[in-house]
Amino acid sequence: MNNQITYSPAYTIVPTYECFNRCDYCNFRKDIGSDFTLSISDAKDILLGLSNQEISEILILSGEVALNSPQRDEWFSRILKICELALSLGFLPHGNVGILKYSEMEQLKEVNVSLGLMLEQITPKLLETVHKNAPSKVPELRIQQLELAGKLQIPFTTGLLLGIGETEAEREESLNAIAEIQQRWGHIQEVILQPHSQGTQQNYHNPNFSLSELPRIVATARKILPDTITIQVPPNLITQPNILLECLDAGARDLGGISPIDEVNPDYIHPTAQFLAKIIEPAGWKLIPRLPIYPQYYSWLSSSLQQKVKAKEKVLRTLSQSNQVLH
Ligand code: SF4
């Protein structure tokens, strides 16, 4: 049995918290005009200050600017520059910046090793509730983005947000939609199953998704999704260790990016890798770091990105071996 559970040593850079959508459960966004935009020199200072050699992934997570906004070009060019900067300093960017135009996705492919966008749920009824003020959350638009990434051969992370008003059958429909897209393009490396977890900034006051249901949903996802997709669960939102272990037993194999702050759920601090190892290793699992791109996709990258990935892989392998010696 493969007993390996992976995580990605990561750091999150936020170009802007401003977002033209207003999802009711959001704990991230700020109103347009209220936030500062991260300057390139500040981004550089942050990246140069990262002392943990293990960090390979820089998650570039941004609030969205409308596709037709006059501010769009400036917003996008800043994101591109931050990706280029992260690459030049030896990190591997993974962008998650919302809905993209075809030409934007093409450009991001050149400076990211993978991209991400949560499908969340495909039922249109959420457009009348939690997504009533979120034009980017039209299900067809998000499905189109997943298809586009497949067409462009971009390794991709997507996922479901659980407990925002969907039924069990609707969850399965969302999983089936991802499975169909994967059969067409084969680019989805991970699916995150994210339980809605109340934060202090949101407007949505439904209770937290019941964690005791999560292992069963992991098992359902494992049945529906092709084996080529790894199931990820976020350990900071699974506050009960026994449930985390049950999720692994049900088929989850990845714990996602572990960075100092979960910018999407800032009220839920990420446990360290050492803390997680203490939970899962007594049960027979082995926690290992990974890169933000899975090896089967290396050949999809440009040769310059492949070189950077291989260099980082070597560093990670050396660090993992020396950690094992220390254990
Ligand atoms: S969840 Fe994402 S798209 Fe929705 S308001 Fe928050 S930042 Fe914007």
What pairs come out if I take residues in the range 152-167 that are under 14 Å from N206 (Cα atoms) and pair them with residues that are among the acidic types (D, E) and crowded, with 22+ Cβ neighbours inside 10 Å whose C-beta lies under 6 Å away, six or more apart or interchain?
L161/E120
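Looking at G284, is it surrounded by 18 or more Cβ atoms within 10 Å (Cβ to Cβ) and either at pLDDT 95 or above or touching a strand residue (DSSP E or B) at 6+ places or on another chain (Cβ under 6 Å) (or both)? Talk me through it step by step, then tell me what you get.
Details: surrounded by 18 or more Cβ atoms within 10 Å (Cβ to Cβ): no; either at pLDDT 95 or above or touching a strand residue (DSSP E or B) at 6+ places or on another chain (Cβ under 6 Å) (or both): yes.
No, not satisfied.
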I'd like the full set of residues that are touching a Gly at 6+ places or on another chain (Cβ under 7 Å) and part of a loop (DSSP other than H, G, I, E, B), limited to the range 194-205.
H196
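Yes/no per residue for (1) at pLDDT below 95; (2) farther than 15 Å from P292 by Cα; (3) under 19 Å from the mean Cα position of the chain (by Cα):
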| site | (1), (2), (3) |
| --- | --- |
| L117 | no, no, yes |
| E128 | no, yes, no |
| R142 | no, yes, yes |
| G150 | no, yes, yes |
| F156 | no, no, yes |
Single match in V233, V218, V264 (criterion: under 22 Å from Q198 (Cβ atoms), crowded, with 19+ Cβ neighbours inside 10 Å, among the hydrophobic types (A, V, I, L, M, F, W, C) and out of contact with any helix residue (DSSP H, G or I) (no Cβ under 9 Å at 6 or more places or on another chain)):
V264
Could you pull out the residue among Q306, Q324 that is of a type outside the set (D, E, K, R) and at pLDDT below 95?
Q324
Filtered residue count, the range 143-163, keeping only those that are under 15 Å from N21 (Cβ atoms) and surrounded by fewer than 22 Cβ atoms within 10 Å (Cβ to Cβ):
1
Number of the exception - I32 against (1) within 13 Å of the ligand (Cβ to nearest atom); (2) hydrophobic (A, V, I, L, M, F, W, C); (3) at pLDDT below 95; (4) under 25 Å from I188 (Cβ atoms)
(4)
Is there any pair linking a residue in the range 126-144 that is farther than 14 Å from G98 by Cα and in contact (Cβ under 8 Å) with a residue 12 or more places away in the chain to one that is within 12 Å of the ligand (Cβ to nearest atom) and part of a helix (DSSP H, G or I), with Cβ under 6 Å and at least six apart or on different chains, and which?
H131/K137
Note on S114: of the conditions (1) polar (S, T, N, Q); (2) buried (at least 22 other Cβ atoms within 10 Å of the Cβ); (3) within 16 Å of the ligand (Cβ to nearest atom), unmet is (3)
Only one residue in N27, N21, N52, N68 is among the polar types (S, T, N, Q), surrounded by fewer than 18 Cβ atoms within 10 Å (Cβ to Cβ) and within 16 Å of the ligand (Cβ to nearest atom), so which one is that?
N21
Being closer than 30 Å to I280 by Cα and within 16 Å of the ligand (Cβ to nearest atom), is that true of even one residue in the range 2-18?
yes
Here, helices (runs of 4 or more DSSP H) confined to the range 213-321 with at least 2 residues that are under 30 Å from T167 (Cβ atoms) are 214-224, 241-249
Restricted to the range 83-96 and to residues being among the aliphatic types (A, V, I, L, M) and crowded, with 23+ Cβ neighbours inside 10 Å, the residue farthest from K310 (Cα to Cα) is A86
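The values are calculated or read from the model by the stated rules, or taken from the named source; none is laboratory data. Bear in mind that the values here come from a model prediction, so they are computed numbers and not experimental data. Note that we place each Cβ from the backbone using ideal geometry, even for glycine, and neighbour counts take in every protein chain shown.
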